[in-house]
1. Neighbour counts of other C-beta atoms within 10 Å: give me 180, 114 arranged from fewest to most.
2. Which order results if 154, 108 are arranged by neighbouring Cβ count within 10 Å, fewest first?
3. Report, in degrees rounded to the nearest 10, the 0 to 90 angle that the Cα long axis of helix 152-168 makes with the longest principal axis of the chain.
4. Relative contact order of region 1-59: what whole-number percent is it, with Cα pairs under 8 angstrom and at least 6 residues apart?
5. So how do 123, 86, 101 line up by other beta-carbon neighbours within 10 Å, fewest first?
6. Please report the projected area of region 4-201's Cα convex hull averaged over all directions, in nm².
7. How high is the relative contact order of the chain, in percent, with contacts defined as C-alpha pairs under 8 Å that are six or more residues apart?
8. Round to the nearest 10 and give me the degree value, 0 to 90, for the angle of helix 48-70's Cα axis relative to the longest principal axis of the chain.
């Protein structure tokens, strides 16, 4: 396997667009988050307490399969959201909100802590961040019905957990990108700055 670049961040911050952009610019092998394959996701957004555990277990196992696949690729890869985020941000948020009970939380953590040491950490983590107002505007613009019902408080909690996680994250170098200010898709200066950072790793 070549270099492994991961793109982290809350829903709606621009991860998928950046992964696709890096794929085309540097000819990196992209690995996207398996949202559309999750059979519980639509139900989860409609009734979070009922479907939280099902959805999180699906994402954890699906992400592990993605990691196994990307580790077999002989070229540099870029991944849209890591397995770590599912556990350190999304599952923790659901547990704190009471949507996962103590038994479900312990089962999930035991599975995660068995898997996490077995996967290769990224060579570079790109952390995308954006205020909730900007996130909600982007979610509305892309128009996924299941995301339109997500409350602002839920997104705000995720933002806070991302910040807390990255205060202690030490598995790889991190580049923080404020996507509310940095327009790498259309602004040439911002784009060149991002390119130079990634090229140093590549």
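Just so you know, all these numbers are worked out from the coordinates, no wet-lab data involved. Here the structure is a predicted model, which is why all the values come from computation and not from measurement. Cβ sites come from the backbone with ideal geometry, for glycine too, and all protein chains shown count toward neighbours.
1. The most exposed by this proxy come first: 114, 180.
2. Least to most surrounded, the residues fall as 154, 108.
3. For 152-168 against the chain, the angle is about 60 degrees.
4. Reported relative contact order: 20 percent.
5. With the sparsest Cβ surroundings first, the list reads 101, 123, 86.
6. Result: 10.7 nm².
7. 31
8. Roughly 40 degrees between the two axes.
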